[in-house]
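Novice: Take a look at the following structure, please.
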Amino acid sequence: MLKKLYHQFASPKTYVVLVDKIYPIIFYTSLITYVFALIWGLAFAPSDYMQGNSYRIIYMHVPASFLSESLYIAMAIAAAIFLIWKVKLAAYIIKAIAPIGALVAFLALVSGSIWGIPTWGTWWQWDARVTSTLILFIMYLGLISLHSSFTNYEKADKFISVLVLIGSVNIPIIKKSVDWWNTLHQPASITLTDKPSIDPSMLYPLFLSMLGFSGLIICLVILSSKVQIFNREGNKTWVKYHV
Amino acid sequence: MTDLLKIESFKLRKKLRAWLGPILIFLLIMISFPLTVELASDELKNVFYSILWLSSLLTVMVSLDSIFLEDFDDGTLEHYLILNNSLFSMILIKIFIYWLLIGIPISILGTFFSISTSGDFSSFYIAFPSMLISSYIFINLFALGNSLSLNKGSALGALITMPLLFPVLILLGKIVLNANFGFEISNLLLLMLGVLLIIIVIIPFIISFVVKTHLE
């Protein structure tokens with residue numbers, strides 16, 4: 001039963017049908033959540049006693065940096081699925097995520113630089129976290145350029161998944177860079193194991209904004225993966241009936 | 001195995017530009033960098049090691065440009081794959097030969113430069129082991145990057161390999177930092193050796209998978 005479900009979901013056709021059904025639900029709930037979190041965070045949350053109002057960019061910076069790493073982990077999982085079970089859908093999803101990951105990493109870098117001006121006094125610092133996020137951004141660009149340099153998509157899929165899997169050794173380093181080095185960037189305020197070091201009045205909108213932003217990015221991934229599927233499977237009959 | 005060793009080393013030794021060229025490039029970088037810094041100042045000592053790591057990285061990058069390209073073009077790889085049904089041993093030995101003919105000479109040269117720059121023989125214990133180990137790691141990873149971008153130019157290979165090397169560069173930086181403060185560096189060297197021992201076995205497997213995909 002479960003195996004059948006798994007195999008069905010692995011076919012692009014079932015994926016597209018399912019995704020078309022749940023897409024509006026995810027989109028509208030996450031949009032409402034994010035807008036609600038932004039209003040709460042920007043207008044109602046108290047201002048920081050050190051940073052004043054400038055900390056409010058956290059409601060955009062933290063979700064973006066969180067997702068820039070999570071999207072890479074998602075790609076690594078998809079790459080493992082593709083290499084082990086040869087599920088084509090996983091390869092389409094890797095290709096779909098790569099530009100979005102680059103976009104999100106770029107957003108994290110830009111919002112971090114903007115935040116750096118009032119708090120650190122400089123918009124760029126060769127600090128461990130900043131540098132490693134920049135490396136992550138370059139890794140996404142490398143993946144895109146590797147895939148686009150092959151006209152044979154089946155080869156390109158294998159190469160990109162090998163590279164994604166090997167590149168994932170950098171993820172723990174990016175994640176832990178603020179703990180291992182003494183740097184300007186502050187350590188993570190929210191962890192799974194400890195009590196958050198951030199006040200609840202700021203934490204709840206932050207949590208909601210992370211949820212909403214993730215939902216919006218997932219919607220983007222869904223749209224992008226549909227583009228990939230229609231591109232690669234365009235000559236199949238189900239696509240003609242579906243579109 | 002010994003046949004393979006002989007063949008591969010013969011192939012590399014005959015291509016003078018492929019092994020002597022990178023060593024000379026390394027020499028040129030090491031000679032030219034004191035010209036850009038004020039001579040005989042303390043600054044030279046401070047930045048010396050970062051120049052050393054980066055120039056060894058660049059040397060390896062240049063030397064591994066076409067590690068698989070010629071064998072791929074003339075059909076050696078395909079021939080070997082059909083004969084032995086596996087590319088693992090060939091790639092393992094190919095990488096080892098590159099380390100033997102390029103990695104070890106640049107480690108010796110780099111150690112010589114570090115001793116002459118610091119004027120202290122004790123820098124031998126920092127530079128030599130770390131350069132030996134790191135050059136082997138660099139060669140492995142650049143071989144991987146160049147196998148991925150086999151006939152698409154080496155710029156792509158360098159672009160996708162460089163981000164993978166940052167952990168090694170961080171470790172090398174830590175070694176120099178600890179040595180400057182007079183701390184123990186053998187633990188970091190052993191960590192790097194451990195990374196190398198994992199990489200030696202895994203990377204040839206991955207490269208042979210990639211090359212097989214290229215040959216399909």
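Novice: For the stretch A:104-115, indicate whether the set of residues that are free of Cβ contacts under 8 Å to residues at least 40 places away in the same chain and either surrounded by fewer than 17 Cβ atoms within 10 Å (Cβ to Cβ) or within 11 Å of chain B (Cβ to nearest Cβ) (or both) is non-empty.
Specialist: yes
Novice: Can you tell which of A:89, A:67, A:83, A:31 is under 30 Å from residue A:235 (Cα atoms), modelled with pLDDT of 90 or more and within 20 Å of the chain's Cα centre (by Cα)? Write out each step before concluding.
Specialist: On the way: A:67 fails: under 30 Å from residue A:235 (Cα atoms); A:83 fails: within 20 Å of the chain's Cα centre (by Cα); A:31 fails: under 30 Å from residue A:235 (Cα atoms).
Exactly one of A:89, A:67, A:83, A:31 is under 30 Å from residue A:235 (Cα atoms), modelled with pLDDT of 90 or more and within 20 Å of the chain's Cα centre (by Cα), namely A:89.
Novice: Can you pull out every residue in the stretch A:103-159 that is assigned to a loop (DSSP other than H, G, I, E, B) and either under 30 Å from residue B:151 (Cβ atoms) or among the basic types (Lys, Arg) (or both)?
Specialist: Within the stretch A:103-159, the subset assigned to a loop (DSSP other than H, G, I, E, B) is A:120-127, A:149-152.
Selection gives A:149, A:150, A:151, A:152.
Novice: Can you tell me which residues in the stretch A:1-45 are without any contact (Cβ under 8 Å) to a residue 12 or more places away in the chain, surrounded by 12 or more Cβ atoms within 10 Å (Cβ to Cβ) and of a type in the set (Gly, Ala, Ser)?
Specialist: none
Novice: Okay, moving on. Can you tell which of A:77, A:73 is surrounded by fewer than 24 Cβ atoms within 10 Å (Cβ to Cβ), in a helix (DSSP H, G or I), within 18 Å of the chain's Cα centre (by Cα) and free of Cβ contacts under 8 Å to residues at least 24 places away in the same chain? Don't jump to the end; show me each part of the working.
Specialist: Numbers: A:73 fails: free of Cβ contacts under 8 Å to residues at least 24 places away in the same chain.
Answer to the selection: A:77.
Novice: Looking at the stretch A:160-181 only, could you name the residues that are in a helix (DSSP H, G or I), surrounded by fewer than 19 Cβ atoms within 10 Å (Cβ to Cβ) and touching a residue at least 60 places away in the same chain (Cβ under 8 Å)?
Specialist: Within the stretch A:160-181, A:165, A:171, A:175 qualify.
Novice: Which fully enclosed helices (runs of 4 or more DSSP H) of the stretch B:115-216 have 2 or more residues being within 14 Å of chain A (Cβ to nearest Cβ) and among the β-branched types (Val, Ile, Thr)?
Specialist: Working: elements: B:123-148, B:154-161, B:166-181, B:186-215.
In the stretch B:115-216, the matching helices (runs of 4 or more DSSP H) lie at B:154-161, B:166-181, B:186-215.
Novice: While we're here: Can you tell me which of B:172, B:188 is under 20 Å from residue A:128 (Cβ atoms), surrounded by 22 or more Cβ atoms within 10 Å (Cβ to Cβ) and not basic (Lys, Arg)? Don't jump to the end; show me each part of the working.
Specialist: On the way: B:188 fails: surrounded by 22 or more Cβ atoms within 10 Å (Cβ to Cβ).
Testing whether each residue is under 20 Å from residue A:128 (Cβ atoms), surrounded by 22 or more Cβ atoms within 10 Å (Cβ to Cβ) and not basic (Lys, Arg) leaves just B:172.
The values are calculated or read from the model by the stated rules, or taken from the named source; none is laboratory data. Here the structure is a predicted model, which is why all the values come from computation and not from measurement. Ideal geometry is used to build each Cβ from the backbone, glycine not excepted, and the neighbour counts take in all protein chains shown.
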